[in-house]
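Scroll down for the structure; my scribbles are underneath it.
Please treat every number below as a calculation from the coordinates, not as lab data. Since this is a predicted model, take the numbers as computed values, not measurements. Backbone-built Cβ (ideal geometry, glycine too); neighbour counts: all protein chains shown.
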Amino acid sequence: MKINLSGHHVEISASIKEDIDAKFSKIASHFPTLIALDVIVSKEHNQHQVEVTTNYEGGRISVKGIDDVMYPAVASAIKKLDAALKHRKGQLKANLHEKPQSTAPEIAHEKVQEMNLS
């Protein structure tokens with residue numbers, strides 16, 4: 001899985017890149033069809049914000065983690081991404097199942113006529 005990492009008002013050091021790669025490796029093992037992630041780390045108003053966007057099985061998924069410290073913001077974004085990917089995977093599996101066929105409701109007087117009440 002390719003991780004495109006960029007920073008906005010934050011310098012991305014080698015240690016930050018290694019940490020993000022290590023944390024996203026769990027996501028890569030759970031979702032092997034995931035090709036690439038776009039990760040934007042920014043700092044605005046003394047809060048770190050990590051935004052992750054990706055395409056998964058035809059759907060665009062975007063999550064955002066916000067915290068005063070950068071590493072908890074990354075952890076929050078990873079947790080949200082994992083939940084969003086699981087939700088999308090569940091949607092895809094639900095579409096594979098056969099839907100129940102709706103039947104016309106039986107009319108009570110037709111039922112009574114069929115019964116032998118004599």
Open item on the list: Among the residues that make up region 25-48, is at least one of them acidic (Asp, Glu) and touching a helix residue (DSSP H, G or I) at 6+ places or on another chain (Cβ under 9 Å)?
Closed with: no
Task: Number of the condition not met by Glu57 [criteria: (1) charged (D, E, K, R); (2) in contact with a helix residue (DSSP H, G or I) (Cβ under 7 Å, 6 or more places away or on another chain); (3) free of Cβ contacts under 8 Å to residues at least 12 places away in the same chain] - done: (3)
Task: Ile78 in contact (Cβ under 8 Å) with a residue 12 or more places away in the chain, more than 30 Å from Asn95 (Cβ to Cβ) and among the aliphatic types (A, V, I, L, M) - done: no
